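No value in this document is a laboratory result; all are computed from the given coordinates. All figures in this text were calculated on a predicted structure; none of them were measured in a lab. Here Cβ is always computed from backbone atoms with ideal geometry, including for glycine, and neighbour counts include all displayed protein chains.
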Amino acid sequence: MIAGRHPWGSNQGAVAFRKMSYTVLMIGVLINFFSYAIEPEHGLFSLVMSFAFVASVGLGALFWVAIEYLTSAVWSVAMRRVFEFLAGVIPFLIILALPLLFNLHEIFIWTHKSYIKHNSGMLIKLPYLNAISFTIRTIVILAVWVLFYELMTRNSLLQDTTHEEDLTKRNIKLSAAFMPIFGVTLTLFAIDWLMSLSPSWYSTIFGVYYFAGASLAAMAMGTLMVVTLNENGLFPVKLSRDHYYNLGGLIFAFSNFWAYIAFSQFMLIWYGNLPEETAWIIPRMNGSWAAISVILVFFHFLVPFVGLITRSAKMKPRRLISISICILLAHALDIYWLVMPAYSEKRAPFSLAELSFLLISFGFVFAVFAQKSKRNSLIPVGDPKLKKSLEFQI
Amino acid sequence: MNDEKLYGLTALFDSPDKIVLATRAVVKEGYKAFDIYSPYPVHGVDRGMRLKQSRIGLVTLIFGLMGVALALLLTWWTNSVNYPLIIGGKPFWALPAYIPVTFELSVLFGAVFTILGLLVIFFGFPQNVHPLHGTDFMKRVSSDRFGICIEAVDPKFDSKRTADFLQTLGSEKIEPIYYSLLESPGVGTILNRKFLLSLLFVAAVSSGLTYLTLNKLLFLHPWISLAEQIKVLPESRSTFYVDGFAMRQPVQGTVARGHMPYAFVGNMKGAEKFMINPLTPTKQVMELGRRDFNAYCSPCHGYFGDGDSRLQGQFPNPPSLHSDALRQASDGHFFHVITEGFRNVMPSYDQQIPEEERWAIIWYIRALQRAKHAKETDVP
Amino acid sequence: MIYSPGRIVDYTQPPPLVEGKSIATLIDESIAVQIDRRPSKKYLAALLVTLTMVLIGSIAVGYTFVYGIGMWGNNVPVGWAFDITNFVFWIGIGHAGTLISAILFLFRQQWRTGIARFAEAMTIFAVICAGLFPIIHLGRPWFAAYIFPYPNQHGIWVNFNSPLIWDVFAVSTYFTVSLIFWYIGLMPDFGTLRERTTNAVKKVVYSILSLGWRFSTRHWQHYEKTYVILAGLATPLVLSVHSVVSFDFAVSVIPGWHTTIFPPYFVAGAIFSGMAMVLAVLIIVRKVFDLEYLITMDHMDKMAKVILATSMMVTYAYLMEPFMAWYSGKSTEWYVVMNRAFGYYAIAFWVMIVCNVFLPQLFWFRKIRRSIPALFIISVLVNVGMWLERYVIIVTSLSRDYLPSSWGVYSPTIFDVGILIGSFGLFFTLILLFSKSLPVISISEIKSIVKGAQPSYRMGEDHE
């Protein structure tokens, strides 16, 4: 019989973690205010990065929850609640979005009438790229995400007490409906907030690229949480090396998937050599951005590839934790690489604003996780497949 | 039966649980030279046998990396060093374009050598002469039973005691396996006559086929289709023309490109009367004329047109260019002589000297003629 | 346990991985019996039909070799049409096989076992069919060896910057790796057949093919690791091969071809069409060879779900392309969208949309996923739709690119169609020959997953 109330919520470590994440978040917000005061645009760009990062982790986590329901996977059931907690950032995304929505003029060049006047190609995009439809789109997308998040997690939490099998069936149906909507909304979100920073540029694979980064980051964050908790005896049940193997395998696979998508996009633009497409790549291949690009490939692909390729590596907790941290930092670097060249084309800036990006992003996710796990069980206690999940062997 | 060498004792079991327990018991008993047989891999048996993890992954890694190195070397050397071409405006070392090939070759090498390593090195395959082949044990074990075979070479092996031990494990059938003559260790070595003869045969056939392909087949149609073209080769025989010549004269009135036909062929009087020197005596024209005269005309006419060349009066030593007749002759006369030659003693120079240069030479001759009959007023 | 062909299986029971009370000998018999039995009249009739199709194709190819590519409808500007459509189509068919055997293996989806061997065989045959097209579409196919970078006296190397050469490497690698992956899976089965057979000739053949496999655990241990490694190599290979095929188009600059989403779009489309072909063929095979108890309704259901998922990925790409064409503001890109929908090839386009986007949506409904006729019809139509997708992509973009004075349309000739028929004939001939000569289901693998195949408890041991 698996315990309902578990030691995590009242544990000293948990309390410390909660306090630490709020502190990090607050410091990040303060530094962001400070950098906004010095240079408003830079501060806002850093907030855009935080928004994109937190959204990617949250949506990626919800994606993994949906995948588990759709494939009727058993091995991951014990860990699903951790991913649900990570997805818990979704209702709070509006907090990050609002300051940005009120300051679109500072961030997006397509809000400037002079830019549109000098670039006739922008006229056709006007119905799509104007402040009003952009805002409406963002609000609607966030609302749709919150809707699915609430419905699915409510069922899952309810199951803790009622143990109804019907709730699983309902979540499977919700997951099936969620998937296509997730694909479209995540793509539009990425196009709006990341691709339109360079409004004359376009790439049909961009949505897939953001998805690859998001799912990988969410899996890395989830793995980090699960393995850290499990190794310190704070997880309500004992997960085995076999569970770790699957987590490691998914990180390995999706890291390779990201590299494949990134390379496809790069190579096709490089090969075609069309000025309207290379205009986005060239700043990222020169100056200090070139170094960032190399570092990105190294830490986002090569290090996880070499670090997780062997079977035994995928089962080592310390390896999983270090590679997860590496991937999360690399994902932050990826967002930085996507966003900041629109702000500073020649030089890769590193200042208080970038520091605030890191602090806000990680603080936000950790704080939400800590808050959610305070009241709710770290494992889906009422899930009928939980017992089988713990017996999983590879 | 008695003088046949014993390979080992086999025992059959009918459930996976029994074979796992039996495995552990065999290991516990201290046997080392044994093996467990099953129609499919049974979980827990390899661990029960205390087998070390397979190192086949190392083979994959090494050869995969070799594939990467080879691909990069190949693409770099062919497209950047040996025959660099500017393709699509890309640099000679176009790494993004070489990534797909590199990836494919690494996978190819990794996969192929893993299998070869597995089969040849790890398994020692092909090996169709093993004592267990064709036995009832192998028949059951390849179908629906699980089996143990404890080999006679094991130090702890004893026919009676091992058989009793296997009995205690709950096997349903215990059977000794003997080497047949063919299977005795040492028979299936690489120096086997049959093997060497078949190897020789394969070598002969493959080299013969290669020779025939490269030296005979590739010289047939369609490979030589482009080499055998329906066109006329020089010096060849023609069955079309009556005279048998494939090479024909150009059609009447054909002129070379950039060449105007000479209007006064065989017509010295016309040339003298109608041809006019189109050049003006500038310094360049005079220099050109002097250069050409010294090159083409001086061997016979001498450097000053006197006729005192190295011919030294022998045939066909020309007369002096400074005679009254020639001083009065028109430029057209000189042009005609250079173009057509003169009375079979001077050859035609129209192939060597372009028309313009002939006129320059004529100006130079005029200069020479004037020099030979200079007046006091000519000197500045 | 006597197995009687044609036994009705109860589909209302909760599906275990392998239905019925099959034990190892039962499996041996029911799978091997297909090889031992004389070919039935129906089999020979089917073989006759497929061989006729091969004959038609051979005649068409013969005309092409002797009289040149002018026998086809290819022209300027449409230099690629049926030839490359068929090439991409068949490579795509091959991918589902590798997905089932390698990728589902890595995801530890045990339901793949009943269909993996057959799917792998289909991959190899599909790649054979595909690999013929780059050769026959050459002007001088007898110089096909020139595409390989061997030391030569031509005075020139192959162009490694060109995706056509990447294709050579990708397809060769894919064929080789699929073949050895398939062979490694077959090795233990050859061992089983070797021990079972009483025919002297067959015994020699199986002995050679099994290489002396003797079911030793020491060998199984290396074997299993190798199998995982090969599956791990085959997975990125599948992704890379169809991505390289998509690069054939995407590295160009003509509108409709130069778009970054092609690699994942083509891979998803390949799995989509391949899975539909596997489903259609398996429906026939399980009926003809009485293998309903090993290839169950549950398998069909799961394959239908994969088809639905990949259909939605393809639909995503169908939505992205027009959106970006509009967003980019380039009139040439938008024209491609309009031309595809309302131009000369509009019928092909709309049939493709119906078959690829709308029909698979029926698979949301469990009743349809579990109805054999519905599964078969939808699978066949999905294949039609995916063939048309490649045709639409290739021909519309070539017939209308940047310079209007160069525009021109394409119509297939009887030789184009003949070669297409021939490729299908070759594919089905190879499948028929395979199903009569080799075990269509992996004997050793299926034995390992039936109930009671593995030890009942972990026996107190923990993983290292």
Inset, instruction - Evaluate the charge dipole of the protein assembly as shown about its Cα centre and quote only its size in Debye, nearest 20, assuming +1 on the Cβ of each Lys and Arg and -1 on the Cβ of each Asp and Glu. - result: 2040 debye
Inset, instruction - Divide by every residue of the protein assembly as shown the summed helix terms, -39500 (n - 2.57) for each DSSP H run of at least 4, and state the resulting mean residue ellipticity at 222 nm, rounded to the nearest 500 deg cm²/dmol. - result: -20000 deg cm²/dmol
Inset, instruction - May I ask which residue of A:Ser21, A:Ser373, A:Phe33 lies farthest towards the positive end of the charge dipole of chain A, with charges of +1 (Lys, Arg) and -1 (Asp, Glu) on Cβ and the Cα centre as origin? - result: A:Ser373
Legend entry - Residue order, fewest to most surrounding Cβ atoms within 10 angstrom, among A:Lys117, B:Lys372: A:Lys117, B:Lys372
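For B:Glu104, B:Glu376, B:Glu29, B:Glu272, what's the fewest-to-most ordering of other Cβ within 10 Å of each Cβ? Spell out each step's value before the answer.
Working: B:Glu104 26, B:Glu376 5, B:Glu29 15, B:Glu272 18.
Going from least to most buried by this count: B:Glu376, B:Glu29, B:Glu272, B:Glu104.
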Legend entry - Residue order, fewest to most surrounding Cβ atoms within 10 angstrom, among C:Met300, A:Met179, A:Met79: A:Met179, C:Met300, A:Met79
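Restricting attention to the range B:187-234, which chymotrypsin sites (Phe, Trp or Tyr not before Pro) occupy a DSSP loop and are surrounded by at most 14 other Cβ atoms within 10 Å?
Numbers: sites: B:Phe195, B:Phe201, B:Tyr211, B:Phe219, B:Trp223; in loops: B:Trp223.
Those satisfying the criteria are B:Trp223.
For the range C:40-449, what's the relative contact order in percent, using C-alpha pairs closer than 8 Å and at least 6 residues apart? List each step's numbers first, then the result.
Numbers: 533 pairs, mean separation 129.1, N = 410.
RCO, the range C:40-449: 31 percent.
Please give the average number of partner chain Cβ atoms lying within 10 Å of the Cβ of each residue in C:157-169, rounded to a whole number.
Working: counts 8, 5, 6, 14, 12, 3, 3, 0, 4, 7, 2, 2, 9.
Across the residues of C:157-169, the mean count of other-chain Cβ atoms within 10 Å is 6.
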Inset, instruction - Could you work out how far apart the two model spin labels at A:Lys374 and B:Arg193 are, taking each label as a point 7 Å from the Cα in the direction of the beta carbon, and quote it in nm? - result: 9.1 nm
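Which translational diffusion coefficient, to the nearest whole µm²/s, is obtained for the range C:40-449 from the Stokes-Einstein equation, given a Kirkwood hydrodynamic radius over C-alpha pairs, 25 °C and 0.890 mPa s? Could the numbers behind the result be given before it?
Numbers: Rh = 22.5 Å.
Value of D from the Cα-based Kirkwood radius: 109 µm²/s.
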Legend entry - Simple Cβ-charge dipole of the range C:40-449, Lys/Arg +1 and Asp/Glu -1, about Cα centre, in debye nearest 20: 1300 debye
Inset, instruction - Tell me, rounded to the nearest percent, the portion of alpha carbon pairs in the protein assembly as shown spaced more than 54 Å apart. - result: 37 percent
Inset, instruction - Figure the gain on full extension for C:Val409 and C:Asp290 (residue separation times 0.36 nm, minus the Cα-Cα span) and round it to one decimal in nm. - result: 38.0 nm
Inset, instruction - Return the average number of partner chain Cβ atoms within 10 angstrom of each residue Cβ along peptide C:311-320. - result: 3
Legend entry - In the range A:153-253, trypsin sites (Lys or Arg not before Pro) in a DSSP loop with at most 11 other beta-carbon atoms within 10 Å: A:Lys238
Inset, instruction - With a cut-off of 19 Å, note down the residues of the range B:340-379 whose backbone N falls inside the zone around a label point 7 Å from the Cα of B:Val265 toward its beta carbon. - result: B:340-344, B:347-355
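Using 25 Å as the Cα-Cα cut-off, could you pick out the over-long pairs in A:Lys173/C:Lys367; B:Lys28/C:Lys447; A:Lys314/B:Lys32; B:Lys32/B:Lys160? Mind showing how you got there, number by number?
Details: A:Lys173/C:Lys367 16 Å; B:Lys28/C:Lys447 29 Å; A:Lys314/B:Lys32 32 Å; B:Lys32/B:Lys160 18 Å.
Among A:Lys173/C:Lys367; B:Lys28/C:Lys447; A:Lys314/B:Lys32; B:Lys32/B:Lys160, the Cα-Cα distance tops 25 Å for B:Lys28/C:Lys447; A:Lys314/B:Lys32.
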Legend entry - Estimated dipole of the range A:155-265 in Debye, rounded to 20 [Cβ of Lys and Arg +1, of Asp and Glu -1, Cα centre]: 160 debye
Inset, instruction - Name the residue farthest towards the positive end of the dipole of the protein assembly as shown from the options B:Pro155, C:Leu433, C:Thr235, assuming +1 on Cβ of Lys and Arg, -1 on Cβ of Asp and Glu, about the Cα centre. - result: B:Pro155
Inset, instruction - Report ³J(HN,Hα) in whole Hz for each residue of the range A:134-140, in order, from the Karplus equation J = 6.51 cos²θ - 1.76 cosθ + 1.60 where θ = phi - 60°; Gly and Pro get x. - result: 4, 4, 4, 4, 4, 4, 5
Legend entry - Distance in nm between pseudo-label sites at B:Met66 and C:Ile23 (7 Å out along the Cβ direction from Cα): 4.7 nm
Legend entry - Dimensionless Rg over Rh [the range C:274-321; C-alpha; Kirkwood]: 1.15
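Return the average number of partner chain Cβ atoms within 10 angstrom of each residue Cβ along peptide C:192-198.
4
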Legend entry - Diffusion constant of the range A:12-390 at 37 °C, which comes from Stokes-Einstein with the Kirkwood Cα-pair radius and 0.692 mPa s, µm²/s: 154 µm²/s
Legend entry - Where chymotrypsin sites (Phe, Trp or Tyr not before Pro) in DSSP loops with at most 15 other Cβ within 10 Å are excluded, longest remaining stretch of chain A: A:103-349
Legend entry - Phi-based couplings in Hz for the range B:274-279 (Karplus 6.51, -1.76, 1.60; Gly and Pro marked x): 9, 7, 10, 5, x, 8
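Calculated FRET efficiency, C:Gln109 and C:Leu433, Cβ-Cβ r, R0 35 Å, to nearest 0.05?
Details: r = 29 Å, r/R0 = 0.82.
With R0 = 35 Å, the Cβ-Cβ based efficiency is 0.75.
Starting from the exponent 0.38 and prefactor 2.2 Å, build the expected Rg for the range A:243-394 from its residue count and divide its actual Cα Rg by it. Walk me through the numbers before you get to the answer.
Working: Rg = 19.3 Å, N = 152, 2.2 N^0.38 = 14.8 Å.
Dividing the Cα Rg of the range A:243-394 by 2.2 N^0.38 Å gives 1.30.
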Inset, instruction - Mind telling me which of A:Ala220, A:Ala259, A:Ala55 comes out most flexible in a GNM of chain A, alpha-carbon contacts under 10 Å? - result: A:Ala259
Inset, instruction - Name the residue, out of A:Asn130, A:Asn11, A:Asn232, whose mean-square fluctuation peaks in a Gaussian network model built on chain A with Cα pairs under 10 Å. - result: A:Asn232
Inset, instruction - May I ask you to list the lysines whose Cα is less than 21 Å away from that of C:Lys42, ignoring any residue fewer than eight positions away on the same chain? - result: C:Lys287, C:Lys436
Inset, instruction - Enumerate the lysines that C:Lys203 could reach by cross-link, defined here as Cα to Cα under 16 Å, with residues fewer than 8 away along the same chain left out. - result: B:Lys139
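Do any trypsin sites (Lys or Arg not before Pro) in the range B:239-314 lie in a DSSP loop with no more than 11 other beta carbon atoms within 10 Å, and if so, which?
Passing both the DSSP loop test and the Cβ count: B:Arg248, B:Arg257, B:Arg310.
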Legend entry - Farthest positive-ward along chain C dipole, Cα basis, beta-carbon charges - from C:Ile394, C:Val417, C:Phe323: C:Val417
